[in-house]
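**Q** Sharing a structure below in C-alpha cells format, with a few things to ask.
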Amino acid sequence: MQLARVIGTVVATIKSPGLEGVKLLVIQPLDRALRPVGSQLVAADAVHMAGPGELVYFVAAREAAQAMPDPFVPVDHAIVGIVDAVETLAGAERPGGPPAVGRGRPAGGGRPGARATGKSPRAPTPRRRPRP
Amino acid sequence: MKLGRVVGTVVSTINAPAFDGRTLLVCDLLDPSGRPSGGYLIAVDSVGAGAGETVLILDEGNGARQVLRAPGAPIRTVVVGIVDAVVEPSATGARHRRRR
C-alpha cells in the first residue's frame, strides 16, 4: 500500500458491468514525506468517503478488486483508507536525519527516476531529532 | 519478500472493514546491506514490530491473507518477521554478519 492525495474525480457513463455505482478518483501517489512521486492514476473508492484534497492510502493489483463489494470487477487500484496522520515513530530515524528518497546515496546508485518531482530533496518540514 | 525498516505508522479511522484493529506500518525498503533503496511500503503488522526495526515484508496477496487469516481482505503487504541479522558472503570468502 502507498500514500496518495486525491486530486480529482472521474465521471464515466459507460462502464464495464460491475462498475456501476463505483466512485472513481484521480490520485497522485506520494512518498512518505508526502511529496508527489510517479504518475497520477485512477483508483476506485472502496471507503465511499474519500474526496478531492484528502490524504488516503491505496492498494494495487488483485487486492484492489477484493476491496469492492463485488470482488470480481475490473479494478486495479482502490482507495482502502483515509489517513488521519502519518506518525514517525520515536527512535525510527537514524542520526543525521531520515533517509529521504534520493538523498545520501552514492552517485549512480538506486533507481533512476525514483525522485521525479524535480523538487529539492530537502524535506519540506523540519524533522524532530531525539534530544541528547 | 523484502527487507524494510519501520519508520512510522499510519493512523486511519475511515478505512475498509478488513483494516479494523490492524496496525499499519510505514516501512522504508532496504537493500541487503541495510541502506534505504528509495521506496517505501505501508504494511499490515503481524508480528508486533516496533520503531527502527528491520523487518521482513511479504508483498504478495495470497500469502498475506493466509498469514492474517483474512480471506477476501484487500491486503497485500504484511510484516511477517523481525530481522536479527543479514549475513552476506564477502569477496574474500569471509562471512560478514551485519547486526541490526
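Rule-based calculations on the coordinates, nothing more; no lab input. Everything numeric in this text was worked out from a predicted model, so none of it was measured. Backbone-built Cβ (ideal geometry, glycine too); neighbour counts: all protein chains shown.
**Q** Quick check for me: using +1 on Lys/Arg Cβ and -1 on Asp/Glu Cβ, what's the dipole size of chain B about its Cα centre, in debye to the nearest 20?
**A** Details: 12 positive and 9 negative charges, 51 e Å.
Roughly 240 debye, rounded to the nearest 20.
**Q** A further question on this structure: I need A:Phe58, B:Phe19 ordered by Cβ neighbour count within 10 Å, fewest first.
**A** B:Phe19, A:Phe58
**Q** While we're on this one: B:Ile75: net charge of surrounding residues, Cβ under 10 Å, Lys/Arg +1, Asp/Glu -1, itself excluded?
**A** +2
**Q** Can you give the calculated 222 nm mean residue ellipticity of chain B, where each DSSP H run of n ≥ 4 adds -39,500 (n - 2.57) and the sum is split over every residue, rounded to the nearest 500 deg cm²/dmol?
**A** Theoretical 222 nm ellipticity from helices: -2000 deg cm²/dmol.
**Q** Quick one: which residues, 5 or more positions from B:Val86 or on another chain, have an amide H under 5 Å from its amide H? H modelled 1.01 Å from N in the peptide plane, none for Pro or chain starts.
**A** Counting only residues 5 or more places away or on other chains, the set is B:Arg98.
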